[in-house]
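Q: Take this structure first; my questions come after.
The values are calculated or read from the model by the stated rules, or taken from the named source; none is laboratory data. Note that the structure is a prediction, hence the values are computed from the model and not measured. Counting neighbours? That spans all protein chains shown, and the Cβs are built from the backbone with ideal geometry, glycine included. Calculation scope for accessible area: heavy atoms of the full protein, side chains included, ligands and nucleic acids excluded. Shrake-Rupley method; radii C 1.70, N 1.55, O 1.52, S 1.80 Å.
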Amino acid sequence: MSDVVDLQQLRVAIEQVDEDLLDALRRRMDLAEDIARSKLSTASPIRDQRREDLLLRRIRTAAMARKLDPHEVERLYRFIMEMSVARQHAWVTGLESTPLRVAYPGMEGSYSHLMAHKRYAGRQGGVFLSGFDTPRQAVDALRQGEVDLALLPIENTTAGAMYETYDALAEEGVTLIAELVDQVQHRLLGLPGATLKTLHTVRSHPQALIQCEAFFREHLPHVRLLPDVDTGGAAQRVREANDPGIAAIASDSAAQRFGLEVLARELQDRKGDFTRFVEVARAPTPLPADVPCKTSLVMVLENKPGTLGKALLALAERGVNLARLESRPLPGSPWAYRFFLDLEGHAASAPIEAVLRDLQPYTQSMRLLGTYPRVDLLPG
């Protein structure tokens, strides 16, 4: 009989522990909503992979100190973190005034994320940022209605066009509504205690590697330059590799985020290195008549001799300035190309309307990518 009583008492004790666990879990979910509110106001992504990794590392250590299986506890906490993220998403979507949802390529700490933070932080109603591996994935999320805007790097003063962005914009369903220009400050980041002499590999986005090529050719010609998906991801992989011979080209923000040291600062031409970004939406936004504008379009020309020259002559005859011309291969058509043009002026202005009519006979297809305010001066 005593054994039965003891068992019942133990079951009651376990049930009380379960109640305590559920109360603690509820408090954790309430805190998740507070975190979501803070992230919206500071334009921070809902998912913070580095924070999650650090948490799991701390939990494993705490579990071992309590003589618990660290792997089983980690598995439990992964479920709890997913619950927390789901709670944050539910809180965001339940707001009366839905925050702006913005996609960008890269992870937190990348230059695209820094530009998004600069652009949207402090916006009334909040901002929900989502990082994607590629510009195409960000644009696809926009087309599918998962986000309201995409912020994409499209051109750099040193490395030139960012072709992934051009290719992502070629398909229908999105329009350009703004351009922004930001000065890029590349840093060479390594593990604490690493030096330039210890380096054998440097990782970064291909554009960043091109932008810093002269520095490595002069100072570190023996170092292997390894392309990575984005600058923030390169910094994270340096931290994870824990090898003092590996460094990344990334931002000061990435150094702070991943606990890395700045090994070198002057990686670019001292005149400055600027990146142009475009803000992309599903529908155009109205612009005042007196705002200086650009109009972007993409076209596939008739495959006839001299067609490109005739198209460019049509611009000159109408007095329309061609700010940029870029060509990209046309998928599925070997040795055929589509051309991206940036024209100065509004699509509804008489000169550009006339130019678009003039271009029709020379094109197989033509589509406006958008009209947006022109950025004339580089910052800094």
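Table: residues versus (1) more than 22 Å from VAL174 (Cβ to Cβ); (2) at pLDDT below 95; (3) polar (S, T, N, Q); (4) within 28 Å of the chain's Cα centre (by Cα).
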residue	(1), (2), (3), (4)
SER296	no, no, yes, yes
LEU308	yes, yes, no, no
LEU325	no, no, no, yes
ALA336	yes, yes, no, no
LEU343	no, no, no, yes
SER349	yes, yes, yes, no
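Q: If the requirement is being open to solvent by 70 Å² or more (accessible area, probe 1.4 Å), modelled with pLDDT of 85 or more and more than 28 Å from the chain's Cα centre (by Cα), which of these qualifies: LEU25, LEU31, LEU7, LEU21?
A: After ruling out the rest, the residue left standing is LEU21.
Q: Which one of these does ARG237 not meet: (1) assigned to a loop (DSSP other than H, G, I, E, B); (2) open to solvent by 50 Å² or more (accessible area, probe 1.4 Å); (3) within 24 Å of ALA116 (Cα to Cα); (4) not hydroxyl-bearing (Ser, Thr, Tyr)?
A: Condition (1) is where ARG237 drops out.
Q: Which residue pairs have Cβ atoms under 6 Å apart, sit 6 or more places apart or on different chains, and have a first residue in segment 190-204 that is hydrophobic (A, V, I, L, M, F, W, C) and a second that is surrounded by 13 or more Cβ atoms within 10 Å (Cβ to Cβ) and part of a loop (DSSP other than H, G, I, E, B)?
A: What qualifies is LEU191/PRO244; ALA194/PRO244; LEU199/VAL223; LEU199/GLY245; VAL202/VAL223.
Q: Look through segment 104-131, keep the residues that are of a type in the set (Ser, Thr, Tyr) and not in a strand (DSSP E or B), and return whichever of them is nearest to ALA281 (Cα to Cα).
A: TYR120
Q: Any residue at all in segment 173-186 that is open to solvent by less than 10 Å² (accessible area, probe 1.4 Å), at pLDDT 90 or above, touching a helix residue (DSSP H, G or I) at 6+ places or on another chain (Cβ under 9 Å) and closer than 16 Å to GLU261 by Cβ?
A: The answer is yes; a qualifying residue exists.
Q: Right, here's the next one. Can you find a residue in segment 371-380 that is part of a strand (DSSP E or B) and either closer than 20 Å to GLY173 by Cβ or aromatic (Phe, Trp, Tyr) (or both)?
A: Checked against the condition, which is being part of a strand (DSSP E or B) and either closer than 20 Å to GLY173 by Cβ or aromatic (Phe, Trp, Tyr) (or both), segment 371-380 yields at least one hit.
Q: Scan segment 187-226 residue by residue and report those that are open to solvent by less than 10 Å² (accessible area, probe 1.4 Å), under 30 Å from VAL375 (Cβ atoms) and small (Gly, Ala, Ser).
A: SER204, ALA208
Q: I would also like to ask the following. Hey, GLU33 hits all of (1) closer than 24 Å to PHE128 by Cβ; (2) acidic (Asp, Glu); (3) without any contact (Cβ under 8 Å) to a residue 40 or more places away in the chain but one; which does it fall short on?
A: The one condition GLU33 does not meet is (3).
Q: Moving on. Considering THR61, THR134, which residue is free of Cβ contacts under 8 Å to residues at least 12 places away in the same chain, among the polar types (S, T, N, Q) and over 18 Å from GLU33 (Cα atoms)?
A: THR61
Q: So how many residues does segment 37-96 have that are small (Gly, Ala, Ser), over 27 Å from the mean Cα position of the chain (by Cα) and open to solvent by less than 70 Å² (accessible area, probe 1.4 Å)?
A: 2
Q: Looking only at segment 304-359, filter to residues that are more than 20 Å from ALA178 (Cβ to Cβ) and β-branched (Val, Ile, Thr); which one of those is surrounded by the fewest Cβ atoms within 10 Å (Cβ to Cβ)?
A: THR307
Q: Right, next: List every residue pair whose Cβ atoms sit under 8 Å apart, with the two residues 6 or more apart in sequence or on different chains, where the first one lies in segment 155-183 and is under 18 Å from ASP230 (Cβ atoms) and the second, anywhere, is of a type in the set (S, T, N, Q) and modelled with pLDDT of 90 or more.
A: That search, which allows pairs on different chains as well, returns GLU155/THR275; ASN156/THR275; GLU164/THR134; ALA168/THR134; ASP182/THR275.
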